[in-house]
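Comments concern the structure below.
The values are calculated or read from the model by the stated rules, or taken from the named source; none is laboratory data. Since the model is a prediction, treat every value here as computed from it, not as a measurement. Neighbour counts are summed over all protein chains in view; Cβ atoms, including those assigned to glycine, are modelled from backbone coordinates with ideal geometry. Areas reflect the complete protein model, heavy atoms only, side chains present, ligands, DNA and RNA absent. Shrake-Rupley method; radii C 1.70, N 1.55, O 1.52, S 1.80 Å.
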Amino acid sequence: SWEAMQIGNRPGDGGESTDPRMVLINGIQDITETLLGNFDLNQVLSMVMETLYRGLGFHRVLFCVLEPNQKRMSARFGLGPDVERLTKAFSFGLQGAPDVFRLALSRGKDVAIDQAKDPRIRSRIPDWYLEAVAAPAFALFPILLDGRPIGLFYADRKESGRVLTTEQANFARALCNQAVLAFKQKG
């Protein structure tokens, strides 16, 4: 049941903590507790995605998965405005010229693009992304299992500028590590 989700709730809408750091800490704790029981992989991936979205205040967050036998990453679900359209358009092959998406996946490294319009960076951003999304700032969080890319969390901002502080990047990596654990346990 991979489908696009739109959640309009932001921190503070439902009586939950509005402190982004507490949203992150509580999200990590909830995911840890979920991983200790019998869980659904999609549930854990959704929890990671929602914690990234709410705790780090991203405009949109998508989760992409490696398509079986196709060597393609395709968005499966997301949070934020216009995610239904984006999940249909957000797909790219793993082969071809090295761009920020392929480099993040091949190296297994998180990537933060603070100024997507900077000419030095723009040349590394693929055309499909510029046509479908073109956010001014975004981050990529690859999910690797045994050194192979199996998924990718994508998150963007409405304005250019610093995407993540060091502490926020550490929280994001901890959340992605929980996604890796979920894949390992269900693999």
Amide H proximity to PHE90 below 5 Å, modelled H, separation 5+ or other chain, gives ALA75
Per-residue ellipticity at 222 nm attributable to helices in the chain (runs of n ≥ 4 DSSP H, -39500 (n - 2.57) apiece, nearest 500 deg cm²/dmol) works out to -12500 deg cm²/dmol
Calc'd 3J(HN,Hα), region 128-136, phi into Karplus 6.51 cos²θ - 1.76 cosθ + 1.60 (θ = phi - 60°), Hz, glycine/Pro = x, comes to 4, 6, 4, 6, 8, 10, 6, 5, x
Given LYS158/LYS186; LYS88/LYS158; LYS158/LYS184; LYS117/LYS184, the pairs whose alpha carbons are separated by over 28 Å:
LYS158/LYS186; LYS158/LYS184; LYS117/LYS184
Taking all protein chains together and a probe of 1.4 Å, list ASP146, ASP127 from the most accessible to the least accessible.
ASP146, ASP127
Tell me, what is the 1.4 Å probe accessible area of GLU167, in Å² to the nearest 10?
90
Distance between modelled label sites at ASP118 and ASN69, nm, 7 Å Cα→Cβ extension
4.2
With all protein chains in place and a 1.4 Å probe, THR32 shows an accessible area in Å² (nearest 10) of 60
Computed label-point distance, nm, for sites VAL180 and LEU41 using a 7 Å Cα→Cβ extension:
1.7
Stick to Cα atoms and the Kirkwood definition of Rh, then tell me Rg/Rh for region 46-187.
0.92
